[in-house]
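Heads up: the structure comes next, in structure tokens.
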Amino acid sequence: MKSTTSAIVPYPENEPNIRTERFFRNLERYIADNQKGDILYEYQKKIVHDTARFLGSGGKRGYIEAPTGTGKTVLFVTLAEAFSYQDDNPPKILVVTPTKDLVRQTQGGTSGDKGFAGFAPDMSVGTFYSDTPSGLKGLKAQVTITTYASLAKLAAMPVTVVRKDGTRQTRIINRINEQFDIIFLDEGHKALGIGSRRILQDITDDKLIIGFTATPEYTASRSLAMLLPHLIHQLDLKEAIMLNMLSPVIPVTLAAPSTNVQKFLVGALGEYENKSLKELIYNSERNRMVINVASELIQAGNTPIIACIPGDDMRHPQYIAEQLSERVIKNPDGSERLLKAVAITSAIPAAMRQKYYAELEKGELDALTYIDVLTEGWDSQRANVIINARPTRSLVAARQRMGRILRNKPDGRPAIAMDITDQISAATAPQVSMADIFTLESVESGMVIGNTTTHFKENMTTAIDRIADQHRLIPTVKNLYTQYAALLETLPQLARGQAQIKQDGKIRTFASSYRLEARFNVDSLMLDHLRPNVEIRQVRSGYEAIDAFDEDQIHQKIAELPDSGRRGYGLTVDGRKYINLSDVIGILQRKLDQPELSLADIEPIIRDTANEPHDLYFTKRFRARTHRGVTLYTAQTMIEMTKADSVIAKAGELANIEKE
């Protein structure tokens with residue numbers, strides 16, 4: 001895994017250019033006059049001073065890392081005001097946010113808001129995005145707030161001018177370069193998407209760009225430091241909690257009730273693929289556990305949000321919300337009432353989402369279920385529990401989810417962060433744990449990170465104990481994701497299914513199982529048969545560590561196998577008749593009318609059925625002879641005929657059940 005900190009470089013030692021020199025002097029006066037000195041926290045003042053040092057050193061591209069809930073919006077509003085302080089010709093500032101909801105939140109509406117309306121009411125502020133009410137008028141303000149999705153329009157905006165002869169000419173201009181002096185990137189890691197990154201890389205060097213993020217890593221191998229190489233200030237999650245800037249938190253990890261071993265596939269960006277999580281959407285035992293845990297925590301006076309599994313038209317958050325709303329709890333006076341939960345998804349209009357958020361804050365809702373929508377730009381004074389029902393390999397997503405519940409609560413209560421951990425196969429890359437989030441080697445369930453009162457600790461411990469009586473608590477979780485990431489850094493990189501590894505002065509080729517299957521027809525059953533006699537190395541494939549096999553040794557072992565005979569006619573060995581697995585699959589494809597059916601679809605049935613030593617027979621077939629006289633073979637896995645009949649019958653039964 002490529003290091004995400006290696007791109008961070010020391011402050012530049014260049015002299016500031018004329019433009020950044022001006023911002024630096026404005027900021028110096030702002031600090032000297034103690035502007036906002038009675039409003040900013042000490043750590044925010046420290047960041048303002050570090051920003052001045054960054055500008056004074058000639059910096060033009062940098063970022064500030066601070067956890068969600070520590071006032072990043074207040075910070076960049078303050079810096080916008082400071083860069084303009086006592087300036088006869090104040091700079092034009094562009095603020096880029098991930099969502100329209102955040103555009104409105106950053107703009108603010110009244111003096112009580114935390115956006116520009118609340119903290120810099122004298123600055124003119126406009127908005128620009130796809131359906132902005134003000135349209136191009138928002139570009140005339142000193143500060144324009146837009147979204148990452150709208151950057152492309154600003155970077156390539158058609159402008160029509162009327163010539164002296166009355167004809168019109170339209171040309172495309174980069175409005176960002178022509179109009180703005182300073183660019184603030186809220187949730188700056190979002191700038192690392194392909195489109196946004198290209199646009200920002202084309203911005204001229206004289207512009208000042210500062211990013212603000214809780215999670216500089218966009219993916220496991222792409223960091224904000226690649227775009228903005230100077231780290232202006234860093235505040236980690238544990239430090240923010242210990243400084244009482246964020247709520248104390250109690251991590252808890254529960255084992256999912258299912259004993260089935262899960263194999264989650266990892267996608268191009270390093271996260272588990274949605275389709276491989278689909279089975280969990282309909283896992284009734286697991287869903288019941290999530291609902292039971294949420295009900296217990298609500299009964300104890302907490303307000304949970306539940307991160308759900310995507311896919312199937314966002315069925316999971318809707319189902320959990322529906323089932324939770326059928327649960328009954330007791331009020332303090334002993335009366336009973338139904339819980340009320342709603343699902344928050346991207347399909348719900350922004351105005352309706354805001355309505356639900358307000359209802360949660362007023363106590364009219366007990367819980368929210370969601371997919372991704374709450375991960376950025378939403379803060380609550382009431383929500384203090386996160387139930388992670390969706391496994392994740394994204395450290396960014398995990399920290400964003402955690403950040404949603406860590407804003408200090410009016411009554412001082414701690415937060416509870418609860419992971420539901422599934423039993424995953426050894427071949428599956430590990431999910432992010434609480435230990436990874438807090439950069440600790442291990443975390444104990446029920447420990448308190450931060451400071452809380454004895455009263456709250458006892459109440460939370462009682463609720464957790466009740467949950468532990470019903471579900472299996474995992475006492476300690478380790479930072480396996482972090483360890484796995486470090487391991488990936490040391491492994492040879494797989495390219496086109498091969499890794500070239502030098503050993504004893506000789507270059508040896510190690511191949512992935514996918515390459516062996518494509519080149520030699522080595523299926524998973526055959527590979528298990530050959531594995532004990534072949535050298536294996538771990539290599540890196542994307543974001544995963546996988547086994548690779550000495551390719552020459554694999555072919556040598558195939559060459560030593562008995563011949564399979566004529567394909568399609570089977571083979572008789574010691575009175576037992578065998579059939580090729582490819583023929584079995586062909587029969588099932590025709591019988592079930594599923595031309596895409598593969599060995600992977602029926603492999604569990606084969607392994608369950610063919611469990612005796614003579615049930616499978618491993619053979620070879622002649623493929624070709626090279627010009628150098630080397631004979632090439634392909635592997636052929638065969639199954640005893642009666643076992644094949646059983647596999648076909650079981651596969652048919654399962655197919656009928658699925659249809660019903």
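The values are calculated or read from the model by the stated rules, or taken from the named source; none is laboratory data. None of the values given here were measured: they were computed from a predicted structure. Note that each Cβ is placed from the backbone with ideal geometry, even for glycine, and that neighbours are counted across all protein chains shown.
Worth a mention:
- If the condition is being among the polar types (S, T, N, Q) and either within 17 Å of PHE24 (Cβ to Cβ) or surrounded by fewer than 23 Cβ atoms within 10 Å (Cβ to Cβ) (or both), then region 42-69 contributes GLN44, THR51, SER57.
- Taking region 298-317 as the range and being more than 15 Å from LEU280 (Cβ to Cβ), in contact (Cβ under 8 Å) with a residue 24 or more places away in the chain and either part of a helix (DSSP H, G or I) or out of contact with any Phe, Trp or Tyr (no Cβ under 7 Å at 6 or more places or on another chain) (or both) as the test, the residues that pass are ILE298, GLN299, ALA300, GLY301, ASN302, THR303, PRO304.
- Selection count, region 251-286, where residues are over 17 Å from SER394 (Cα atoms), of a type outside the set (Gly, Ala, Ser) and touching a residue at least 60 places away in the same chain (Cβ under 8 Å): 11
- Residue within region 490-511 that is in a helix (DSSP H, G or I) and either of a type outside the set (Val, Ile, Thr) or farther than 18 Å from HIS555 by Cα (or both) present: yes
Residues checked against (1) in contact (Cβ under 8 Å) with a residue 24 or more places away in the chain; (2) within 25 Å of ASN34 (Cβ to Cβ):
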residue	(1), (2)
ALA66	yes, yes
LYS92	yes, no
LYS100	yes, no
GLN107	yes, no
PRO121	no, yes
VAL125	no, yes
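- Answer from ALA429, ALA417, ALA397, ALA435 - the residue that is assigned to a loop (DSSP other than H, G, I, E, B) and of a type outside the set (S, T, N, Q): ALA429
- Subset tally (residues that are at pLDDT below 90 and within 12 Å of GLN636 (Cα to Cα)) for region 569-614: 2
- Matching residues in region 470-491 - criterion: being among the hydroxyl-bearing types (Ser, Thr, Tyr), closer than 27 Å to VAL448 by Cβ and surrounded by 15 or more Cβ atoms within 10 Å (Cβ to Cβ): TYR481, THR482
- Residues considered: LEU224, LEU200, LEU228, LEU208. Of these, the only one that is under 30 Å from ALA156 (Cβ atoms), touching a His at 6+ places or on another chain (Cβ under 6 Å) and assigned by TED's automatic domain parsing to the domain that holds PHE76 is LEU224.
- Residues located in region 540-590, provided they are of a type in the set (S, T, N, Q) and under 18 Å from THR631 (Cβ atoms): GLN553, GLN556, SER564
- Residues that are at pLDDT 90 or above, over 26 Å from GLU187 (Cβ atoms) and part of a loop (DSSP other than H, G, I, E, B) do not occur anywhere in region 13-23.
- Against the list (1) out of contact with any helix residue (DSSP H, G or I) (no Cβ under 8 Å at 6 or more places or on another chain); (2) buried (at least 19 other Cβ atoms within 10 Å of the Cβ); (3) part of a helix (DSSP H, G or I), the condition ASP528 fails is (2).
- Close pairs from region 320-341: first touching a residue at least 40 places away in the same chain (Cβ under 8 Å) and part of a loop (DSSP other than H, G, I, E, B), partner among the basic types (Lys, Arg) and surrounded by 16 or more Cβ atoms within 10 Å (Cβ to Cβ), Cβ under 9 Å, at least 6 apart: LEU339/ARG327
- Any hit, region 608-618, residues being closer than 22 Å to LYS557 by Cα, surrounded by fewer than 16 Cβ atoms within 10 Å (Cβ to Cβ) and over 44 Å from the mean Cα position of the chain (by Cα): yes
- For region 175-222, filtered to residues that are among the β-branched types (Val, Ile, Thr) and at pLDDT below 90, the residue that is farthest from ALA80 (Cα to Cα) is THR219.
- Condition met for ASP88 (at pLDDT 85 or above, in the same structural domain as VAL143 (by TED's automatic domain parsing) and surrounded by fewer than 20 Cβ atoms within 10 Å (Cβ to Cβ)): yes
- Every condition in (1) crowded, with 16+ Cβ neighbours inside 10 Å; (2) free of Cβ contacts under 8 Å to residues at least 24 places away in the same chain; (3) polar (S, T, N, Q) is met by SER598 except one, and the failing one is (1).
- There is no residue in region 361-372 that is within 20 Å of GLU296 (Cα to Cα), basic (Lys, Arg) and modelled with pLDDT of 90 or more.
- Selection of region 327-337 for residues being aliphatic (A, V, I, L, M) and either modelled with pLDDT under 85 or surrounded by fewer than 12 Cβ atoms within 10 Å (Cβ to Cβ) (or both) yields only VAL328.
- Region 314-363, subset touching a helix residue (DSSP H, G or I) at 6+ places or on another chain (Cβ under 7 Å) and of a type in the set (S, T, N, Q), residue nearest to ALA294 (Cα to Cα): GLN323
- In this structure, ARG496 does not satisfy being surrounded by 14 or more Cβ atoms within 10 Å (Cβ to Cβ) and modelled with pLDDT under 95.
- Qualifying residue in region 38-47 (condition: of a type in the set (A, V, I, L, M, F, W, C) and part of a loop (DSSP other than H, G, I, E, B)): yes
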